[in-house]
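S.K.: Can you keep this structure in mind? I'll have questions shortly.
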Amino acid sequence: MSDGYAWRVTPVAGRTVQGECSHLDQAQGLPATTARGCEDCLREGGTWVHLRQCLACGHVGCCDSSPKKHAHAHARSGHDLARSIEPGEDWAWCYPDELFLQPCCYGAAR
C-alpha cells in the first residue's frame with residue numbers, strides 16, 4: 001500500500017470526548033514497503049507476529065504481540081506514528097496518545 005494519505009483519529013463509539021492526536025504532522029507520504037519482516041528481528045535473528053511501519057521514516061518493526069515489540073521501541077525515539085502493513089489492514093496507531101488512526105483525504109496536505 002502506498003501512503004499518500006492524510007490520517008485522522010478514529011472516533012470511538014460511546015465516548016463523549018474524542019481524543020486528539022498531536023503527532024499527525026509527523027506522518028510522511030511513504031511508498032509501499034518491500035520489507036521482508038521486522039528490520040530489527042531480521043538483524044538479531046528474532047521472530048515477529050505482525051509488522052508496523054513508522055510513518056515518519058519508514059522503519060519496519062514488529063507489533064506489541066511480538067516478543068521484542070520493536071515498533072513500540074522505535075516510537076520511543078520520537079517517531080510516534082506507525083501503520084499496520086499487514087494485508088487487508090488500513091489503520092495506524094499513535095503511541096503516546098494511544099489512538100487509532102484511519103487514512104483519509106488521499107493526496108491531501110497535512
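S.K.: Among the residues of segment 25-43, is there at least one that is free of Cβ contacts under 8 Å to residues at least 40 places away in the same chain and acidic (Asp, Glu)? If you could, list the steps in order and put the result at the bottom.
M.R.: Filtering segment 25-43 down to residues free of Cβ contacts under 8 Å to residues at least 40 places away in the same chain leaves 28-32, 34, 36-43.
If we keep only those that are acidic (Asp, Glu) as well, we get 39-40.
Yes; the residues of segment 25-43 include at least one that is free of Cβ contacts under 8 Å to residues at least 40 places away in the same chain and acidic (Asp, Glu).
S.K.: Just to check your reading of the model, which residue among 13, 82, 35 is of a type in the set (A, V, I, L, M) and within 13 Å of the chain's Cα centre (by Cα)? Reasoning before the result, please.
M.R.: Details: 13 fails: within 13 Å of the chain's Cα centre (by Cα); 35 fails: within 13 Å of the chain's Cα centre (by Cα).
Result: 82 is the single residue among 13, 82, 35 that is of a type in the set (A, V, I, L, M) and within 13 Å of the chain's Cα centre (by Cα).
S.K.: Read through the list (1) in contact with a helix residue (DSSP H, G or I) (Cβ under 8 Å, 6 or more places away or on another chain); (2) without any contact (Cβ under 8 Å) to a residue 24 or more places away in the chain, then give the number of the only condition that residue 18 fails.
M.R.: Answer for residue 18: the failing condition is (1).
S.K.: Is it the case that residue 56 is closer than 18 Å to residue 104 by Cα, free of Cβ contacts under 8 Å to residues at least 40 places away in the same chain and of a type in the set (A, V, I, L, M)? Full working, then the answer.
M.R.: Details: closer than 18 Å to residue 104 by Cα: yes; free of Cβ contacts under 8 Å to residues at least 40 places away in the same chain: yes; of a type in the set (A, V, I, L, M): yes.
When the stated conditions are applied, residue 56 passes them.
S.K.: Go through segment 59-85 and give me each residue that's of a type in the set (A, V, I, L, M, F, W, C) and touching a residue at least 60 places away in the same chain (Cβ under 8 Å).
M.R.: 81, 85
S.K.: Based on this model, can you work out whether residue 33 counts as touching a strand residue (DSSP E or B) at 6+ places or on another chain (Cβ under 6 Å) and either modelled with pLDDT of 90 or more or farther than 15 Å from residue 94 by Cβ (or both)?
M.R.: On the way: touching a strand residue (DSSP E or B) at 6+ places or on another chain (Cβ under 6 Å): yes; either modelled with pLDDT of 90 or more or farther than 15 Å from residue 94 by Cβ (or both): yes.
Taking the combined requirement at face value, the residue satisfies it.
S.K.: Being part of a loop (DSSP other than H, G, I, E, B), surrounded by 15 or more Cβ atoms within 10 Å (Cβ to Cβ) and polar (S, T, N, Q) is the requirement here; does residue 22 meet it?
M.R.: Working: part of a loop (DSSP other than H, G, I, E, B): yes; surrounded by 15 or more Cβ atoms within 10 Å (Cβ to Cβ): no; polar (S, T, N, Q): yes.
For residue 22, the condition - part of a loop (DSSP other than H, G, I, E, B), surrounded by 15 or more Cβ atoms within 10 Å (Cβ to Cβ) and polar (S, T, N, Q) - is not met.
S.K.: Separate question: With the condition kept exactly as written, say whether any residue in segment 3-14 is acidic (Asp, Glu), in contact with an Asp or Glu (Cβ under 8 Å, 6 or more places away or on another chain) and assigned to a loop (DSSP other than H, G, I, E, B). Even if it seems obvious, please write down each step before you answer.
M.R.: From segment 3-14, those acidic (Asp, Glu) are 3; that's our starting set.
Filter once more, so that each one left must be in contact with an Asp or Glu (Cβ under 8 Å, 6 or more places away or on another chain): none.
There is no residue in segment 3-14 that is acidic (Asp, Glu), in contact with an Asp or Glu (Cβ under 8 Å, 6 or more places away or on another chain) and assigned to a loop (DSSP other than H, G, I, E, B).
S.K.: Looking only at segment 1-19, how many residues end up being surrounded by fewer than 19 Cβ atoms within 10 Å (Cβ to Cβ) and either under 28 Å from residue 67 (Cβ atoms) or among the aromatic types (Phe, Trp, Tyr) (or both)? Working first, answer last.
M.R.: Step one: list which residues in segment 1-19 are surrounded by fewer than 19 Cβ atoms within 10 Å (Cβ to Cβ), which gives 1-2, 4, 6, 8-19.
In the following step, the residues that additionally are either under 28 Å from residue 67 (Cβ atoms) or among the aromatic types (Phe, Trp, Tyr) (or both) were identified as 1, 10.
The qualifying residues number 2.
The values are calculated or read from the model by the stated rules, or taken from the named source; none is laboratory data. Nothing here was measured: the structure is a model prediction, and the numbers come from that model. Virtual Cβ from ideal backbone geometry, glycine too; neighbours counted across all protein chains shown.
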